[in-house]
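J.: The structure that follows is given in the form of structure tokens.
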């Protein structure tokens, strides 16, 4: 199999356009790419352990601490102790964070994915279903 045909490489290449959109939208709001991504990963009303953010971003927990501190200083998120385990820190969007997330997401999702027009609606639905099935929970 050629390197270019590897599924992981294909997924990375396919995500680059969205990453560039996220970068531009983040920078326009005085955020780094990782801060913008973290803000978009959080669902309103749900607390997420900082370790889960570290896992998703594939970075060291100390890096997540810096990202979270900057977002907390901007009043976009709150850091709390887990109700189940005081050793676990969770983060949750504030009203300001929800508002900024709502502002960022349309910029990231604007336009089609690269060459999506080449696929039928049925193919797009199948692709989405399969990618969701393959995603970690």
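J.: Does residue 13 satisfy the condition of being within 24 Å of residue 130 (Cβ to Cβ) and either part of a strand (DSSP E or B) or in contact with a helix residue (DSSP H, G or I) (Cβ under 6 Å, 6 or more places away or on another chain) (or both)?
T.: When the stated conditions are applied, residue 13 does not pass them.
J.: Here's another thing I want to ask about it. Which of (1) modelled with pLDDT under 90; (2) within 25 Å of residue 136 (Cα to Cα); (3) part of a loop (DSSP other than H, G, I, E, B) does residue 19 not meet, given it meets every other one?
T.: Just one mismatch for residue 19, condition (3).
J.: Okay, moving on. Here's a check for you: in segment 16-40, which residue that is out of contact with any helix residue (DSSP H, G or I) (no Cβ under 9 Å at 6 or more places or on another chain) and over 17 Å from residue 77 (Cβ atoms) is surrounded by the most Cβ atoms within 10 Å (Cβ to Cβ)?
T.: Filtering first and then ranking leaves 17.
J.: Let me ask another. Please state which of the following conditions residue 31 fails to meet, knowing it meets all the rest: (1) at pLDDT 95 or above; (2) part of a helix (DSSP H, G or I).
T.: Every condition holds for residue 31 apart from (2).
J.: Is it true that some residue in segment 97-111 is surrounded by 12 or more Cβ atoms within 10 Å (Cβ to Cβ), in contact with a strand residue (DSSP E or B) (Cβ under 7 Å, 6 or more places away or on another chain) and closer than 15 Å to residue 37 by Cβ?
T.: Checking segment 97-111: at least one residue is surrounded by 12 or more Cβ atoms within 10 Å (Cβ to Cβ), in contact with a strand residue (DSSP E or B) (Cβ under 7 Å, 6 or more places away or on another chain) and closer than 15 Å to residue 37 by Cβ.
J.: Another one. In this structure, does residue 71 turn out to be surrounded by 14 or more Cβ atoms within 10 Å (Cβ to Cβ), at pLDDT 90 or above and in a loop (DSSP other than H, G, I, E, B)?
T.: Details: surrounded by 14 or more Cβ atoms within 10 Å (Cβ to Cβ): yes; at pLDDT 90 or above: yes; in a loop (DSSP other than H, G, I, E, B): no.
It is false that residue 71 is surrounded by 14 or more Cβ atoms within 10 Å (Cβ to Cβ), at pLDDT 90 or above and in a loop (DSSP other than H, G, I, E, B).
J.: Restricting attention to segment 75-93, and to residues there that are surrounded by 13 or more Cβ atoms within 10 Å (Cβ to Cβ), within 17 Å of residue 41 (Cα to Cα) and in contact with a helix residue (DSSP H, G or I) (Cβ under 9 Å, 6 or more places away or on another chain), which single residue is modelled with the lowest pLDDT?
T.: 89
J.: Related question: Considering (1) surrounded by 14 or more Cβ atoms within 10 Å (Cβ to Cβ); (2) out of contact with any helix residue (DSSP H, G or I) (no Cβ under 7 Å at 6 or more places or on another chain); (3) within 24 Å of residue 106 (Cβ to Cβ), say which one residue 66 fails and leave the rest.
T.: Evaluating residue 66 over (1) surrounded by 14 or more Cβ atoms within 10 Å (Cβ to Cβ); (2) out of contact with any helix residue (DSSP H, G or I) (no Cβ under 7 Å at 6 or more places or on another chain); (3) within 24 Å of residue 106 (Cβ to Cβ) leaves (3) as the failure.
J.: A further question on this structure: Within segment 44-63, work out how many residues are within 14 Å of the chain's Cα centre (by Cα), surrounded by fewer than 14 Cβ atoms within 10 Å (Cβ to Cβ) and either at positive phi or free of Cβ contacts under 8 Å to residues at least 24 places away in the same chain (or both).
T.: From segment 44-63, those within 14 Å of the chain's Cα centre (by Cα) are 44, 48, 50, 52-59; that's our starting set.
Of the ones still in play, those that are also surrounded by fewer than 14 Cβ atoms within 10 Å (Cβ to Cβ) are 44, 55, 58.
Checking which are either at positive phi or free of Cβ contacts under 8 Å to residues at least 24 places away in the same chain (or both) leaves us with 55, 58.
Total meeting the criteria: 2.
The values are calculated or read from the model by the stated rules, or taken from the named source; none is laboratory data. Just so we're clear, the structure is a prediction, and the values are computed from it rather than from any experiment. Methodologically, a virtual Cβ is constructed for each residue, glycine included, from the backbone with ideal geometry; neighbour enumeration extends over all protein chains shown.
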